[in-house]
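Every read-out reported here was derived from the displayed coordinates using simple, explicitly stated rules and does not represent laboratory data. Just so you know, these numbers come straight off a predicted model, no measurement behind them. Here the Cβ positions follow ideal geometry from the backbone for every residue, glycine too, while neighbour counts run over all protein chains shown.
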Amino acid sequence: MEALEEENFGVSISSPSDAEFDAVVGYLEDIIMDQDFQLIQRNFMDKYYQEFDDTEENKLIYTPIFNEYICLVEKYIEEKLLDRIPGFDMSAFTLSLQQHKDEIAGDIFDMLLTFTDFLAFKEMFLDYRAEKEGRGLDLTGGFLVTPLSKSSVSPSQNSLRH
C-alpha cells in the first residue's frame, strides 16, 4: 500500500469576539443591501438633497438633517441586528469597529462612516444631488466599441429582411 501523504492546511483560529464581529458585519451587509433599507435611505435623501450645496461653508440646516439621519438609519439597523442577534449592543459594536476598520469592505465602511463623519454624510448628499440633477460622472462618451474579430457577414447581408 502506498503511504498517504499528510496534508497540512492553515487553519485560521479566531476568537469568539472576532467571530461575533464577522457575523455582525455579514448581517450589516444583508441589511444595507435590502430593498427596505435602500428605500428608507432614498426617501430620506429625496426629502433633503436640495438643501445641500457644494460649498465649503455648511448651512445650519445640515445639523438637524444629520441628526435625523443618524436616528432614522441607526435605529433601523440596530432593530434589524437585534432581530438577528438577541442582546446585540450597538455601542460595543462601534468600539469593535474601530479595531477592525481595515477588515471591512469599503462600501459598508463608507456607509457606516456617514453615521459619524459629517463630511462623508455631506458628500453622500452632494453625490445624490448631482445624480438627481444629471450632473453625475458620465463616462459613455469615452467608450468606443470595436469587434475583436472580423465578421464573416458583409454589411449588405446583415440588413434585416422583411
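Structure summary
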| read-out | value |
| --- | --- |
| FRET efficiency, residue 61 to residue 82 (Cβ-Cβ, R0 25 Å, nearest 0.05) | 0.20 |
| Cβ-derived FRET efficiency at R0 30 Å, residue 108 paired with residue 54, nearest 0.05 | 0.75 |
| Estimated inter-spin distance, residue 34 and residue 70, nm [label 7 Å along Cα→Cβ] | 2.3 |
| Estimated FRET transfer efficiency (residue 44, residue 98; beta-carbon r; R0 22 Å; 0.05) | 0.25 |
| Theoretical gain in end-to-end length, residue 135 to residue 90 [0.36 nm per residue, Cα-Cα removed] | 12.5 nm |
